[in-house]
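Presented below is the structure to which this report refers.
The values are calculated or read from the model by the stated rules, or taken from the named source; none is laboratory data. In this text the structure is predicted, and so the values were computed from the model without any measurement. Cβ placement follows ideal geometry from the backbone for every residue including glycine, while neighbour counts extend to all protein chains displayed.
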């Protein structure tokens, strides 16, 4: 029994199954098989005094054997996998594309993420009902796996475009003037519009901030804003639409109210004109039937 990494989210204790030129294979609890890339492994320790832990020794444990770490992923295509064992660099998704130095995962919320294999510390094939010794990590992985299964429904109409390239660095030639999310989570995460792909650095603009980043330190990226911002944008659009509907409704009510007042004023004016016309007509009729005084004297009447 050995322990890979003495501390931290990548630390696991289990049975060493295989050692290759650039990776090792470790069987841990719940029959999980973790593939560690050697150049990231800081330590491997063994307790020579402690007795063997009560772990069932499974003969003929199934695991992938290849000469190189990057060649493992050819056997995991279209399978749900977990990249890294914890922390901000952990990711869960369905492997949809592989290359010599990068892989592509289809993740929840229809996110397509590209991972630089040089920075991938470990990989694990996932399956339904798989548990973790870390309850917080287990809950996160279980939730993401469930959301991934739902979003990977073959009947879904959404089919995101996947960028093609031979090398990870070549992908950025297709990202000019697009919004990109670099290093997804954690303190190294940043996002903005890629405006320059120069030798030795990339230039990203986010509002008034100009960011220059060394390509070597890019662990992963995806195209478009992060899910939280998408939800925020969708919520903002919904609020603006609701406000617009409310404004239109208020305008219609005010317009209807003005029309009613206008109709009442028109009716009042019409009634006033009619009443005035009637009074004028009566006065004219009275004048026409009145006998002048000069014809009412006695000499005219006798």
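Yes or no: segment 125-147 includes at least one residue that is at pLDDT 90 or above, in a strand (DSSP E or B) and out of contact with any helix residue (DSSP H, G or I) (no Cβ under 7 Å at 6 or more places or on another chain).
Scanning segment 125-147, I find no residue that is at pLDDT 90 or above, in a strand (DSSP E or B) and out of contact with any helix residue (DSSP H, G or I) (no Cβ under 7 Å at 6 or more places or on another chain), so the answer is no.
Among the residues of segment 193-201, are any within 26 Å of residue 90 (Cα to Cα) and part of a loop (DSSP other than H, G, I, E, B)?
No: zero hits.
Do we find a residue being surrounded by fewer than 15 Cβ atoms within 10 Å (Cβ to Cβ), in contact (Cβ under 8 Å) with a residue 60 or more places away in the chain, more than 16 Å from residue 83 (Cβ to Cβ) and out of contact with any helix residue (DSSP H, G or I) (no Cβ under 9 Å at 6 or more places or on another chain) anywhere in segment 30-43?
yes
For segment 3-17, which residues satisfy the criterion of being loosely packed, with under 15 Cβ neighbours inside 10 Å and outside any loop (DSSP other than H, G, I, E, B)?
16
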